[in-house]
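Student: Here's a structure for you.
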Amino acid sequence: MDKTINRLDQVVRVCQDFQRKNISLCPKCRARCSNKNNVSAKTERPQNTDKEHSEKQNKKTLVSRVSHLPVISKTHEDKMKDKDFSTVFKSKKPSRKGAQSSSTEMTIASEDFQLVLEAKNSAFENLHKKTASEYENLEMFNAKLKEENEHLQSKLSSTMLENENLKIENGKLKEENEQLESTVSSNQKGLKEQITGFTNQITEQKKQIGELENDLDKKDDELRMVKKELAEAKRPRVKDIVLGIRSERSGMGKTMIEMVNRELSGQLQNILEKENVRLTVKQCAAATDVPKGLMAVLCLDMSRVGTNIKDALAGIKVNRDVFVIVFHHTSKENLSSLTPTSLRITGSEQRQLGAIIDMVFSSDSGIYECDLNTTAVANIAALITKYS
């Protein structure tokens, strides 16, 4: 197409050259040239429009072309019929040399003009075919749009029918909701009355429970007092026993006497607490300090144990409430060779004693732990328990 337009421009320039040389064209040629220029301008516009506009604008352009197609076709045919190339150029009588060159140029221009017309006819036919196919496509597209429109119309009708049904159901649901709200309101009133009654009952019951708890606390206090009295009644009564210790004429020094009193009292107290006996040890320096009750007379085995016991008992009335504790100064290694004092003494006064108990000690450890001392403490505790 661009080549054709260029050729047409060349023809126009040739015509202008003839006019400058005082060679005039016939009116028909001039009209045809002007028509060609108009046609070329018209053919350029759709190309630019097809490239720049979107798909919707292309469809509108095709519709307008189809509507004007019969008019354009008829006009173009009339122009083609009226063409007469035999009288295209009329020339004045130029000079012989100029006439030859002008004739050659006119021949070339005529051939070019013929080629341009053929190209235009071919382009027009192609445009006609393309426009016809696009018109058919538009018809098919229009039919498809009609089908879709009918389908949408049927959908719209069904949707409107469903909307009406939904409105009817909505009205029914509103009525049911109003009935339910009235029922719930009446039930709430009844429930509030019941809750108020239950609250009053609970308040009264809480008040009664508080009174019962107070009574129960009083009963618990009374029960605890009774249990305490019963426990005290069932508990064995603690017996107070006074043990007199006579250390005068024992042959022991003051330090040794204090050690014996301290250790012997502690060991006896641990045993007698289990028997509910509370022991009190009292020192007796003279015969007048001897209490009425159980008495332990201390005696140190120095050489003649019988004489030592007799000296320790001087001034004391001997009976079963008096017993003698004989202390032997020896080590653990010599315990096996120690003979019990009760087997070594004789005499009626010694036989009247409650018991003669042997214990051992050392200068370093005092009354040390051994089977002999353990047995002696247990025997003294038994005497005290028996006396109580």
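The values are calculated or read from the model by the stated rules, or taken from the named source; none is laboratory data. In this text, all values refer to a predicted model and were calculated from it rather than measured experimentally. Backbone-built Cβ (ideal geometry, glycine too); neighbour counts: all protein chains shown. Only protein heavy atoms, including side chains, enter the accessible area calculation; ligands, DNA and RNA are left aside. Shrake-Rupley method; radii C 1.70, N 1.55, O 1.52, S 1.80 Å.
Student: Within the range 241-257, is there a residue that is out of contact with any helix residue (DSSP H, G or I) (no Cβ under 7 Å at 6 or more places or on another chain), of a type outside the set (Val, Ile, Thr), without any contact (Cβ under 8 Å) to a residue 12 or more places away in the chain and open to solvent by 100 Å² or more (accessible area, probe 1.4 Å)?
Tutor: yes
Student: Pull out all pairs, ordered by first then second residue, where Cβ-Cβ is under 9 Å, the residues are six or more apart or on different chains, the first lies in the range 265-290 and is modelled with pLDDT under 85 and open to solvent by 70 Å² or more (accessible area, probe 1.4 Å), and the second is in a helix (DSSP H, G or I) and among the hydroxyl-bearing types (Ser, Thr, Tyr).
Tutor: Sorted first by the residue in the range 265-290, then by its partner, the pairs are Glu275/Thr385.
Student: A follow-up question, please. Kindly list the number of the only condition in (1) open to solvent by less than 30 Å² (accessible area, probe 1.4 Å); (2) free of Cβ contacts under 8 Å to residues at least 24 places away in the same chain that fails for Asp364.
Tutor: Single failed check for Asp364: (1).
Student: Which numbered condition in (1) without any contact (Cβ under 8 Å) to a residue 24 or more places away in the chain; (2) within 30 Å of Lys310 (Cα to Cα) is the only one that Asn214 fails?
Tutor: Asn214 satisfies every listed condition except (2).
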